[in-house]
Every structure is written in C-alpha cells, then in structure tokens.
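Below is one structure; the comments refer to it alone.
Quick note: the coordinates plus some simple rules give every number you see, no bench work behind them. Owing to the predicted nature of the structure, the values given are computational and were not obtained by experimental measurement. Here Cβ is always computed from backbone atoms with ideal geometry, including for glycine, and neighbour counts include all displayed protein chains.
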Amino acid sequence: MEFKKIHHTAIICSDYEKSKNFYVNILGLKIIREIYRKERDSYKLDLAVGDYNQIELFSFPNPRKRPSYPEACGLRHLALLVESVEAAVEELKSKSIEVEPIRVDEFTNKKFAFFNDPDGLPIELYEE
C-alpha cells in the first residue's frame, strides 16, 4: 500500500455559520460544495486548501466536546503551509484574529505560528 497524499481533514464545529465565515471569509478557503443532510440536521462544507487538499467542515446538533489542550491524545492541530508566516500573521491580525508569537522550528529552521478557529482548534501556519 502506498499513500499518495492526505485528501482531507474533517472538522466538527459547534456553530456552523460562525465557522463557515471563519474558514471562507477570514482564511479565504474556497467552497467546493455545501450539502445539508436533513436526516442528520447537519451541514457538510467541502473547502479547498490549495490545489490538492480539502477540509470537510461538519455541523451536528449538540456535538460532544473533546479535550485538545495541552497535550491530549488525538489530533493535535491542523498545519497550513504558507509562503510567508509574517505576512499571514499580519493578515490574520488585520482581521482581528489573535495569533501567538512567531517561533522557529529548531530542526528545520522554518518559521511557524499558531492561532485558533472559533471552537479553539489550534491551526498552525508553517513557512515553505
């Protein structure tokens, strides 16, 4: 078996409209498709991340909370590759998004910084 790439990352949000606005209007991800699944009272929003990856944003009535800090077992964070961490941080700050200070990966010497989505999911900006 050979894996070619990661196809998508699925995120369940607590407030669909707030999260849709964040991922589409603040982060600028393009909508591939949006589906309302009546039997589940749930939306599924497919978003393009670059040319090859996707985020599936789901809404469900009363989703359960899952611990994510500080080092809980499970998916730790979503990392997005950017050309310039400084430029991405400035753009996010101009949209009133709080971003942690820029750090440097001690092994690759690449810059990175973290911010959170509306549900507190940590998102990392990682420099090319």
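Assuming charge only on the beta carbon of Lys and Arg (+1) and of Asp and Glu (-1), the dipole of region 1-94 about its Cα centre is about 480 debye to the nearest 20. Any idea what angle helix 85-94 forms with the longest principal axis of the chain, computed on alpha-carbon atoms, 0 to 90 degrees, nearest 10? Rounded to the nearest ten degrees, it is 50. Using C-alpha pairs under 8 Å with a sequence gap of at least 6, the mean separation divided by the residue count of the chain gives a relative contact order of 22 percent. Which percentage, to the nearest 5, of the DSSP beta bridges contained in region 76-128 is antiparallel? The answer is about 60 percent antiparallel.
Distance between the pseudo-spin-label points of A87 and A10 (7 Å out from Cα toward the beta carbon): 3.5 nm. Sorting the Cα pairs of the chain by distance into bins of 5 Å, from 0 upward, gives 2, 9, 18, 22, 21, 16, 8, 3, 1, 0 percent per bin. The charge dipole of region 76-128, taken about its Cα centre with unit charges on the Cβ atoms of Lys, Arg (+1), Asp and Glu (-1) only, comes to about 80 debye. Peptides 1-13, 113-125 ranked from most to least packed by the mean count of surrounding Cβ atoms within 10 Å: 113-125, 1-13. Note on the chain: helix-only mean residue ellipticity at 222 nm, from DSSP H runs of 4+ residues weighted -39500 (n - 2.57) and normalised by residue number, equals -3500 deg cm²/dmol.
The spacing between region 88-116 and region 1-66, judged by their C-alpha centroids, is 22 Å.
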